[in-house]
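Below is one structure, written out as C-alpha cells; the observations come after it.
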Amino acid sequence: MIKKIKVKSPANIAFIKYWGQKDNQLIIPYNDSFSMNLSACLTYLEGEILENKEIKEVFIKDYKKENFLKANTEILNKIISFYSTAKKFLNSKKDFGFRIYSKNTFPKKSGIAGSASFFSALALFFATAFEKKLNQKQLSILARLSGSGSACRSIPDGFSWWRKGNNNETSYAYSLAPPNFWDLRDLVLIVNPQEKKVGSYEGHQQATTSFFFKFRLKELKKRLIMIKKAFFKKDFSLFGQLLEEDALSMHIVMMTQRPPLYYWSEKTFSLIKKIVELRKSGKMEGYYTIDAGENIHLICQKNDYQQFIDYFKEQPEILKIIDNQPSTGAKIIEII
Ligand code: DP6
C-alpha cells in the first residue's frame, strides 16, 4: 500500500485569459485560454496516506516562512470537498485519511496563480492516492474540477491550451508545445506580496455583468486564432501585442463588472508605463500581462531578459523579481 506521495506542480501565466464561467459547478469557461508553465513558481506537495479515514489534515508553509501552519477552515473545506469530487470522478470505493504538507516557492494569492499550482498538485496526489492511472486529459479534467479552473493548464508540459469545451469531458487543457519550443521568459515583478482581497471564484461569477464582456468574447475569437499563429511563427512582436491586449481586455471586464474589481495599484500602472517606454526606445522588447493581483508579469525573450532584470531591480516599486522559463507540468517526485 502507498504510504506517501511527493509531487510538484507549476503555476502558469495566461497569455489569453480565462475570466467568467459558463457553468460554475463544472467550471466550464466561456472561452479557450492559453498559458505557459512557470519554472520558478512551484508548489511542492507531500501527502501521507492514512488508514484512519477520519484524519484530514493540511499544513501549508507560506513563501519565506519558517514553519508549516494548519490550513484555515476555508481552504481545508475546499480540499476535503475536492477529495470527494476526486473519489466520485475516479469511481473509487476506496477511502483514506491524509496529512498533507505543501509549500510554495512564491507568494500565493497575489496574481501568480498560487491556487493553480496547488490544486494541480493536489489533483495528481489524489489520483495517485486513489491508485487510478489517468491520462493527461483526464488529469486535467480532474484539476479543473477542483474549482481553481486554471489548475487544469498546469497539468500538461510547457505551453498549455485549455479548450473551453461544453461539458465535463470536452473542457480540458493539452500541451500546444513542449517547454523547449520557445525560450520565453516571464519576469514576475513583485510590488506587493500580500494576499488579494477578492478571490477569482467570486470575480468569475460577476464577469457577465460587465457591458464589455460580450465584446471581449467576440474579439477573442480572432485573437485566439492570431496568437496561435504568432506563437508557431515565433513572431514575438505580434505575440506580445496580442497578450497585452488580452490582459487589458480582461481587466476592463473586471473593472466594469458589478461590483467592480480593481486589481491594479499605482505601482502596477507605473511599471506598465516603463515597459511600454523601454519598448518604444527600442532598447528592450517586453510585454506585460496581469492576473488577479497587482504584480506584473513581464514577458520577454531570452536575449533581453538579463537587461530587463538589471533595469527593474533598480526600480523603487519592485520588491522582488522571479525569473521564469517555460516548464514541465505537474509531476510525481516520489511514491513511498
Ligand atoms: C485572472 O479561478 O483559476 O488568473 O483559483 O484564483 O487560481 P484561482 O483562479 P482561477 O482563475 C484564474 C483567472 C486569471 C486568468 C487566467 O489565469 O486565465
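The values are calculated or read from the model by the stated rules, or taken from the named source; none is laboratory data. The structure presented is a predicted model; accordingly, all values stated were derived computationally and were not measured. Here the Cβ is made from the backbone with ideal geometry for all residues, glycine too, and neighbour counts use every protein chain on show. SASA here: full protein model, heavy atoms, side chains in, ligands and nucleic acids out. Shrake-Rupley method; radii C 1.70, N 1.55, O 1.52, S 1.80 Å.
A few notes on this one:
- Subset of the range 185-210 (residues that are of a type outside the set (A, V, I, L, M) and either free of Cβ contacts under 8 Å to residues at least 40 places away in the same chain or part of a strand (DSSP E or B) (or both)): Arg185, Asp186, Lys197, Glu202
- Test: residue in the range 98-110 that is hydrophobic (A, V, I, L, M, F, W, C), within 14 Å of the ligand (Cβ to nearest atom), open to solvent by less than 20 Å² (accessible area, probe 1.4 Å) and assigned to a strand (DSSP E or B): no
- Take the conditions (1) within 16 Å of the ligand (Cβ to nearest atom); (2) open to solvent by 10 Å² or more (accessible area, probe 1.4 Å); (3) assigned to a loop (DSSP other than H, G, I, E, B); Pro156 misses just one of them, which is (2).
- Each residue in the range 128-140 was checked for being closer than 18 Å to Glu57 by Cα and either within 16 Å of the ligand (Cβ to nearest atom) or without any contact (Cβ under 8 Å) to a residue 60 or more places away in the chain (or both), and 1 of them qualify.
- Matching option when the condition is in contact with a helix residue (DSSP H, G or I) (Cβ under 6 Å, 6 or more places away or on another chain), at pLDDT 95 or above, not assigned by TED's automatic domain parsing to the domain that holds Ala123 and not β-branched (Val, Ile, Thr), among Met250, Met284, Met255: Met284
- Answer residue from the range 55-79, given it is exposed (fewer than 13 other Cβ atoms within 10 Å of the Cβ) and among the hydrophobic types (A, V, I, L, M, F, W, C) and is farthest from Ala151 (Cα to Cα) among those: Ile55
- Some residue of the range 112-122 being over 29 Å from Ser265 (Cβ atoms) and open to solvent by 10 Å² or more (accessible area, probe 1.4 Å): no
- One residue from Asn166, Asn180, Asn192 being modelled with pLDDT under 95, more than 16 Å from the chain's Cα centre (by Cα) and away from the ligand (no atom under 14 Å from the Cβ): Asn192
- Condition met for Thr208 (open to solvent by 10 Å² or more (accessible area, probe 1.4 Å) and either under 20 Å from Ser84 (Cα atoms) or assigned by TED's automatic domain parsing to the domain that holds Ile60 (or both)): no
- The set of residues in the range 14-54 being in contact with a helix residue (DSSP H, G or I) (Cβ under 7 Å, 6 or more places away or on another chain), more than 10 Å from the ligand (Cβ to nearest atom), open to solvent by 10 Å² or more (accessible area, probe 1.4 Å) and not in a loop (DSSP other than H, G, I, E, B) consists of Leu42, Ile49.
- Of all residues in the range 171-184, none satisfies being touching a residue at least 40 places away in the same chain (Cβ under 8 Å), farther than 30 Å from Asn303 by Cβ and either open to solvent by 10 Å² or more (accessible area, probe 1.4 Å) or among the hydrophobic types (A, V, I, L, M, F, W, C) (or both).
- Selection status of Ala11, away from the ligand (no atom under 16 Å from the Cβ), part of a strand (DSSP E or B) and among the hydrophobic types (A, V, I, L, M, F, W, C): no
- Criterion: under 19 Å from the mean Cα position of the chain (by Cα), surrounded by 21 or more Cβ atoms within 10 Å (Cβ to Cβ), within 15 Å of the ligand (Cβ to nearest atom) and within 18 Å of Leu176 (Cα to Cα) - qualifying residue of Leu224, Leu243: Leu243
- Condition check for Phe89: outside the structural domain of Asn192 (by TED's automatic domain parsing), among the aromatic types (Phe, Trp, Tyr), buried (at least 16 other Cβ atoms within 10 Å of the Cβ) and under 24 Å from Asn168 (Cβ atoms): yes
- Some residue of the range 252-268 being more than 13 Å from the ligand (Cβ to nearest atom) and farther than 26 Å from Phe211 by Cα: yes
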